[in-house]
Structure formats: C-alpha cells, structure tokens
C-alpha cells in the first residue's frame, strides 16, 4: 500500500503550458509547474496545507539563491493533476494505482489546491482533470522539489 498522502512535484519554470487534444488549455510564464497526485485517505486539510506550503516556499533568487516566494516574484502556477504519482512500483513491472483516490473525490481535492493557491493571491492555470495531456516546460535552474502532505502536515516523501 502507498504511503497515502497528497504528492506534488514542484518545478520552478520560466514557462510552462499544457495541451489536450492539441489545444492549449493552460499556460504560464515565470512560476511553478505543479504536478499534483491525490491518494486514498487524503483530506481537504492536506490540500490546504499543500497550497499553503507552495505559496510560502522560498525558491526564487533574491538576496540568496532561494530567497523569494512565487508571490514576491510575480510568479504563476500551472497546476496539473497527475494520478500516476500515486503509483507503486514494488511488485512486478506494471505500476499499481491501487493507492490512487477515486477520480471524483481526487478532482475535488485537486481543485481545492488550485483554489487555495488563487486565494493566496497567485495567478493559476490548470490542465484538464483526467485528460490525456501534453505538458511542456522550461525548468529554471533546474529546480525541482517533491512535496508530500498527510494529516494536514507537510511530510517527507522518502
């Protein structure tokens, strides 16, 4: 069984876009591409804590290389649902998605992350939940973090 927690890949980008069936549905300039996976047992508190952490995360250069937040640099968020983050690879050669939350419930938590980021004053764009998407990005740095949350608290993914 998976560790069961909201999992988010946070990538600092100079630009990012997502397409569905060849049509662009979301685009940002400088900011963060967020790949969000939701697992069984995740709660609204986990979605809220995830968004709060991302909004407060200092991962842009200022006085030091990691000194300023998304809001401080006028950055935006492209938030893309990615249920494959809930996969386990322990057994066999085919990923297991048993730990993924049911789509209807997962979409609500994914949208809650988006809403909380917007409520924090961040410009947000999204992919299309459950769709086959093509994501294009230019990673800045590269800077990439793995963020987990369980029980409304930030957790290591190790």
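The values are calculated or read from the model by the stated rules, or taken from the named source; none is laboratory data. These numbers were taken from a predicted model, which means no experiment stands behind them. Because the Cβ atoms are built from the backbone with ideal geometry, glycine has one as well, and the counts that use them run over all protein chains shown.
For the reader, a short list of remarks on this structure follows.
- Residues that are in a loop (DSSP other than H, G, I, E, B) and within 17 Å of residue 146 (Cα to Cα) within the range 57-69 comprise 57, 58, 59, 66, 69, listed in sequence order.
- Each residue in the range 75-110 was checked for being crowded, with 16+ Cβ neighbours inside 10 Å, assigned to a helix (DSSP H, G or I) and touching a helix residue (DSSP H, G or I) at 6+ places or on another chain (Cβ under 9 Å), and 5 pass.
- Per-region count, the range 131-158, residues at pLDDT below 95 and not in a strand (DSSP E or B): 5
- Yes/no for residue 12 being surrounded by fewer than 17 Cβ atoms within 10 Å (Cβ to Cβ), in contact (Cβ under 8 Å) with a residue 40 or more places away in the chain and in a strand (DSSP E or B): no
- Residue that is farthest from the chain's Cα centre (by Cα) [pool: residues in the range 15-40 that are outside any strand (DSSP E or B) and buried (at least 16 other Cβ atoms within 10 Å of the Cβ)]: 30
- Restricting 72, 116 to residues that are surrounded by 15 or more Cβ atoms within 10 Å (Cβ to Cβ), in a helix (DSSP H, G or I) and touching a residue at least 12 places away in the same chain (Cβ under 8 Å) narrows the list to 116.
- Residues of the range 1-16 that turn out to be in contact with a strand residue (DSSP E or B) (Cβ under 6 Å, 6 or more places away or on another chain) and within 26 Å of residue 97 (Cα to Cα), as a count: 9
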